[in-house]
């Protein structure tokens, strides 16, 4: 399994989220994933991505892009894109739903305003 934190953007939306690509070389984890329907092989399992809200009290996580109850457009489209392009995404990547849907000519950049060294501890 591989986990990254990403920045989901849409119209007036900024959402930090956790994405976890399923699939494990560990025998016990591999078996557990197979028991709940994620496939029997590492390749089958790694096609699934669990996306999690990390800025919400509800903290919803799902492997199905169509399970998102609130902001379905943003979460659904971002989830589908992340699952299809997981191996191309770097930690902290910006996933821009408006750009994915062809509504803007260029993707948004990160909302990050400070360099790591400039943040006071």
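Selection of strands (runs of 3 or more DSSP E) fully inside the stretch 1-119 by the criterion of at least 1 residues being without any contact (Cβ under 8 Å) to a residue 24 or more places away in the chain and either surrounded by 10 or more Cβ atoms within 10 Å (Cβ to Cβ) or touching a helix residue (DSSP H, G or I) at 6+ places or on another chain (Cβ under 6 Å) (or both) returns 2-10. In the stretch 24-59, how many residues are modelled with pLDDT of 90 or more and under 26 Å from residue 96 (Cα atoms)? Number satisfying all stated conditions: 10.
The values are calculated or read from the model by the stated rules, or taken from the named source; none is laboratory data. None of these values were measured; they are calculated from a predicted model. All Cβ positions, even for glycine, are placed from backbone atoms using ideal geometry, and neighbour counts span all protein chains on display.
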